[in-house]
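The values are calculated or read from the model by the stated rules, or taken from the named source; none is laboratory data. All values derive from a computational prediction rather than experimental measurement. Note: accessible area is taken over every heavy atom of the protein model, side chains too, but ligands, DNA and RNA are not part of it. Shrake-Rupley method; radii C 1.70, N 1.55, O 1.52, S 1.80 Å.
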Amino acid sequence: MTLKTIFFDIDGTIYDEEKRIPASTKEAIAELKRRGHNVAIATGRAAYMFEDLRKELDIQSYVSLNGQYVVYEGEVIYRNPLDTPSLQELTLFAQKNDHPVGYIDAAGMKVNVAEHEYIKTSIGSLKLAFPTHDAEYFLQHEIYQALIFCRQKEQDLYAETYPHLNFIRWHPLCMDVLPGNGSKAGGIQHLMTILGVQKEDVYAFGDGLNDLEMLGFVGHGIAMGNAEEEVKAAASYVTKHVSENGIYEGLRMVGLL
């Protein structure tokens, strides 16, 4: 068999609802590696948010921050930061609407308010602590992804005002902000170039709205059984729920196990 490249989202794909890795997922990924396939992560998280997972699964290549920061075997191969003036304008607009803003670089995340229930609830759903407060962090650091803490009904206001940015909802109280050309698919393309692989030999598993472009871009997009209906529609295959051996069953479905 030609060696394949398989990308895995984290939340709702590798991690179940309790942010645990099912035993069948660990075994499946280990078997892929034993067979010589390339295994990588493709996530909206920053690298520091899944360091333990990378160590546990022994994965050294990843597309992080929804494609804006890509690493191959521990070496950074692509960076795509947000434009600072645009980010400053967006921050002022969000402040007028009483919406907190988060700033994420390769090393950490800061927020422009000391406390807020929307931040506590959404970031807490990832089992992460409340970020440090630093309202000017984005002025001194390369920011690869911002966060706007607002409700779903308020998202269109931002998309209409800033059409050059990409807004992706991941929680009822929070959305990611990316450069207009930013996506997991774009990050995957850079890693594919390094690996010298073609789309027909690339697979991806995901469940969220930020996985839509990725699942449609690769040769074989596999949506988790717990994925949103829009995500399932974009995929070539739909496997079982993450807690029902979804990754293992999906890999069997496409003939990789």
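Comparing Leu212, Leu157, Leu87 in a Gaussian network model of the chain, where Cα atoms under 10 Å apart are tied by springs, the biggest mean-square fluctuation is seen for Leu157. Within straight-line reach of Lys4, meaning a Cα separation under 20 Å, sit the following aspartates and glutamates at least 8 residues removed in sequence or on another chain: Glu27, Glu31, Asp58, Glu73, Glu200, Asp201, Asp211, Glu213, Glu249. Rg/Rh for the chain (Cα atoms only, Rh after Kirkwood) is 0.96.
Across segment 55-62, coupling constants 3J(HN,Hα) worked out from phi with the 6.51/-1.76/1.60 Karplus curve, θ = phi - 60°, read 5, 5, 9, 6, 10, 10, 10, 7 Hz, and Gly and Pro carry x. The residues of the chain expose, per residue, 44 Å² of accessible area to a 1.4 Å probe. Only helices enter this figure: runs of n ≥ 4 DSSP H residues, each worth -39500 (n - 2.57), summed and divided by the residues of the chain, yield -9000 deg cm²/dmol at 222 nm to the nearest 500. Only lysines eight or more places from Lys240 in sequence, or on another chain, were considered; those with a Cα closer than 19 Å are Lys19, Lys26, Lys232.
Here, segment 142-193 yields an orientationally averaged convex hull projection of 4.1 nm² when only Cα atoms define the hull.
Once backbone amide H atoms are built at 1.01 Å from N, Tyr78 has Val70 as its partners under 5 Å, excluding neighbours fewer than 5 places away on the same chain.
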